[in-house]
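A.B. asks: Okay, handing you the structure first.
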């Protein structure tokens, strides 16, 4: 991939993560009793969802580590499956419409992880070839 495609993929992931910022109020049940996730007596779900879908995409792009990209891709796939199976009880049906965007972000994360590993391996190969002389 060229640097422009990598930059666009990173921008897409960050913007998708920042798009989730608008759901922090309903996740914490601020403003109405009808909003939020009906998950039962588990209060830590709010923090897990906040970290996985808002903070982790931004951190993964800024750190640029293949392990974080793979973890983020797994989290995005879990979100797509959870929303498709109706695990979360969201107020609007907008979230299910966003599932393809999360799937695309998971694919971008895997591509960025592969690109990161390829660049590190290429650097190691070049350094080992120069050390032979």
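A.B. asks: Check off (1) within 14 Å of the chain's Cα centre (by Cα); (2) at pLDDT 80 or above for residue 114 and give me the number that stays unchecked.
C.D. replies: Here residue 114 meets the rest and fails (1).
A.B. asks: Going residue by residue through the stretch 87-105, is there one that turns out to be closer than 18 Å to residue 19 by Cβ, at pLDDT 75 or above and in a loop (DSSP other than H, G, I, E, B)?
C.D. replies: The answer is yes, given that some residue of the stretch 87-105 is closer than 18 Å to residue 19 by Cβ, at pLDDT 75 or above and in a loop (DSSP other than H, G, I, E, B).
A.B. asks: Next question, about the same structure. Give me the pairs: first residue in the stretch 98-124 and farther than 14 Å from residue 65 by Cβ, second residue modelled with pLDDT of 90 or more and loosely packed, with under 13 Cβ neighbours inside 10 Å, beta-carbon distance under 7 Å, and six or more apart or on different chains, which are they?
C.D. replies: Sorted first by the residue in the stretch 98-124, then by its partner, the list stays empty.
The values are calculated or read from the model by the stated rules, or taken from the named source; none is laboratory data. Only a predicted model underlies this, so the values are computations on that prediction, with no experimental measurement involved. Every residue, glycine as well, gets a Cβ built from its backbone with ideal geometry; the counts of neighbours run over all protein chains shown.
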